[in-house]
Amino acid sequence: MCDLMFRHQIRTASGHSIRLGTWRPWDTGRYIAARYVTRNLSFGDCLSAIVDPCEQAATSTINQNTALTIACSRPGLASALAGQADDETKDGIAIAMRSLSRCDIYRAHALSIIGCQARGVMGEHKGDFATDVRLLRISAIAAVGGALSTVAAYFLLHLIRFFANLFFYQTLSTANRSPSENALGLIVIAIPVIGGLLVGLIARYGSEQIRGHGIPEAIEAILFGKSKMSPKVAILKPLASAIAIGSGGPFGAEGPIIMTGGAIGSLIAQYFHLSSAERKALLVAGAVAGMTAVFGTPVAAVLLAIELLLFELRPRSLLPVAIACAVAGFTRPLFFGSGPLFALHTLPLGPMGIVSSAVAGVITGALSWGLSTGLYKVEDMFGKLPIHWMWWPALGAIAVGIGGYFQPRTLGVGYDVIADLLQNHLAVKVVIAIVLVKAIIWVIALASGTSGGVLAPLLMMGAGVGAVAAPYMPGGEPAVWPLIFMAAALGGMMRAPVMASVFAFELTGDANALLPLLAAAAVAYGFTVLFMRRSILTEKIARRGYHIYREYSIDPLERHYVEEVMTRAIVTIDAKTTVAEVLRDYFGAGQKYRAYPVVDSGILVGMADRTLLDQIPPEKAGAPLGTFLGKTPPHIALPGETCRSVAARLAITGLDRVPVTEDGKTYRLLGIVSRHDLLKPSMSVFAEEHEHEQFRQVWIRRSTRLAPTNKRNDVPDKHADLER
């Protein structure tokens, strides 16, 4: 899963300098947590800060609906976990607070005990995963969503065929006919323009969310929209995409069906009482089930979810996604037939194949960089036009029409062209023309904000470059290189190399090509990581003011338990001590802590802080402190809880520390856990990332024949060997 603290950014007031350094706006919560631990700074050194949930909101903007404003006296960095609290506790804490908030005597108990039980972390209940029987319910819903997404994919593909026949052949039919076979002549230039006008109108007066190629919009809904999508998107997105592609748009159907399938999963989830994390699982399940239905690649669809959409790896998300893809895979033959979409068989590569695969990765990595850079430069040019964005798709469609007039095979989805490229059925000059025209019209059309997918165009352009380069690639037969270049282009552009490799394998069923596919896709991925700040997907989201962090690791707060970090040597107050004595001895000029546990024979009674003491009338200063406690169950932590669950509770309650008791019944005090204690696991992360160590060296003994001698007396230096 994604390290939660890495997904939160901290912004200090005006970049204020504080002790031993300055926090920058783009510093993550995990980085600052490690700095606090290593520099022994107190939370009082931190000025007012903004915690942006999931590090997705840009630091230059403040989202008042999701950001938490905190100060040095508040829960500090632990508040970063508040945005995930109800998701992680499976609604346990949220339900307890809603149902018991009117009764203070139970509210504290609900926060301390019920929320823990919801996650299955009470006492010593430790295991590999934190989950419960709700997983079965989510999986059952995902299975239904997978079947519905398959049906939606079937209707979308037939809707594309319907509009293609209507626009290019003026017939009402869903027959599978390519736009390249039309006989319209110059009139073909106007066809995409008409489609672009219709898409612009739908986006302007229907929903602006239909613009784009689908996957960035799905990611945005997952991260910033609590995985809620509207019925309008589920209807208008496939309609607009069918019009755009059916009128000759150089796009694929996979992006729109991912968006449509995600909308179906989200809409189903909204009819149940679920957390946003569970809705996310269903949204992603519906999205990748749609991809499975279109391409027949269930394993690659699961990998797409893991590498791009889920932003975590937990049973609560992986199992529903896998079940939805399996259902879609078994349902697909009922609508689309069985077998690979582009069946292919090639011979295994020779020893030089690894070198050629690496070269293919570099070439396609450069191709990915060029296409992505060009796309957003053209998009910037559209943004400078003095007209409403509603007209942009029609303007971009002019280029599509002109390109389609000179190269008709660049119009539409182009699955037939991909098949011909993989089978080497096209001449080199024809391939070069198709790739160049397809790249130009795809960049212009997509930058105009129309609706369509990116996978099919990438497959075509990658396979085309591979077909041109095949005669010059040693180590394998020419037939294999279009496939390898195709996978590498996809892996580099999407930054999902494992998905791209398995995707190409499932598309063709060519097991001999699996190893070079992985090698080329990995090299292309490395190229784009080094030379591109963002992928074609995340750049679009970043331009809307959100930053996405795509490095995942296990949250150290999940790996450590309270008993490992709690402070055992604590200062306690006897319940029989009078209020006046407490004020004098513990909250006077020598006060060391903000709050102290109050005990009666080792049993926790409550926590005493300045707020509690200020509420006690002066005339009762001689009364024992214990008489003012015990009316409500105190907030506690248990030794077997994870640090993450306690951090979430601190963030919800606004507390700085909670006592640790043996169990939730006897309240025998064992220690105390504070916000500073919860930062201790960050030390291991800091050490792993920033401490460079060398434990062994390779010594090469030099030959004495070649060693230089002392010219003065021809006596070797006594210390020469030691120095060497």
Roughly how far apart, in whole Å, are the Cα centres of the range 466-502 and the range 294-310? 19 Å
Work the Kirkwood hydrodynamic radius out for the range 281-396: mean of 1/r over every pair of different alpha-carbon atoms, inverted, in Å. 17.9 Å
Accessible-area order (highest first, 1.4 angstrom probe) of the listed residues Arg332, Arg657, Arg668: Arg668, Arg657, Arg332
Under a 5 Å amide H to amide H cut-off, with H placed in plane at 1.01 Å, what residues pair with Ala608 once short-range neighbours are removed? Tyr596, Val598
Cα extents of the range 534-594 per principal axis, largest first, Å, are 66, 27, 18
Applying a 10 Å radius around every beta-carbon, put 529-536, 567-574 in order of their mean neighbour count, most first. 529-536, 567-574
Suppose R0 equals 35 Å; then what is the FRET efficiency for Glu581 and Ser684 from their Cβ-Cβ distance, rounded to the nearest 0.05? 0.25
Once you put a point 7 Å from the Cα of Lys232 and another 7 Å from the Cα of Gln591, both along the Cβ direction, what distance in nm separates them? 5.3 nm
Residues of the range 185-200 with backbone N under 18 Å of the label point set 7 Å from the Cα of Ile387 along Cα→Cβ are 189-200
Carbon/sulfur fraction of accessible area - the range 573-653, other protein chains in place, 1.4 Å, %: 52 percent
Apply 1/(1 + (r/R0)^6) to the Cβ-Cβ distance of Phe129 and Arg550, taking R0 = 25 Å, and write down the FRET efficiency to the nearest 0.05. 0.60
Are any of the pairs Lys228/Lys540; Lys237/Lys377; Lys280/Lys540; Lys228/Lys438 more than 23 Å apart by Cα-Cα distance, and if so, which? Lys237/Lys377; Lys228/Lys438
If you average 1/r across every pair of different Cα atoms in the range 556-708 and take the reciprocal, what Kirkwood value do you get, in Å? 18.2 Å
Using 0.36 nm times the number of residues separating Ala419 and Phe335, minus their current alpha carbon distance, what extension gain do you get? 28.2 nm
So what is the relative contact order of the range 405-465, in percent, for Cα pairs below 8 Å that sit 6 or more residues apart? 50 percent
Within the range 163-189, what residues put their amide N at less than 20 Å from the label point 7 Å along the Cα-to-Cβ vector of Leu201? 163-172, 188-189
Subtracting the Cα-Cα distance of Ala569 and Glu181 from 0.36 nm times their residue separation yields 131.5 nm
Amide hydrogen neighbours beyond the local backbone of Leu670, cut-off 5 Å, H modeled: Val660, Thr661, Glu662
Find the centroid of the Cα atoms in the range 167-187 and in the range 629-686, then give the distance between the two in whole Å. 68 Å
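The values are calculated or read from the model by the stated rules, or taken from the named source; none is laboratory data. Note that the structure is a prediction, hence the values are computed from the model and not measured. Note that each Cβ is placed from the backbone with ideal geometry, even for glycine, and that neighbours are counted across all protein chains shown. When the accessible area is computed, the model is the full protein with side chains, heavy atoms only, and any ligands, DNA or RNA have been set aside. Shrake-Rupley method; radii C 1.70, N 1.55, O 1.52, S 1.80 Å.
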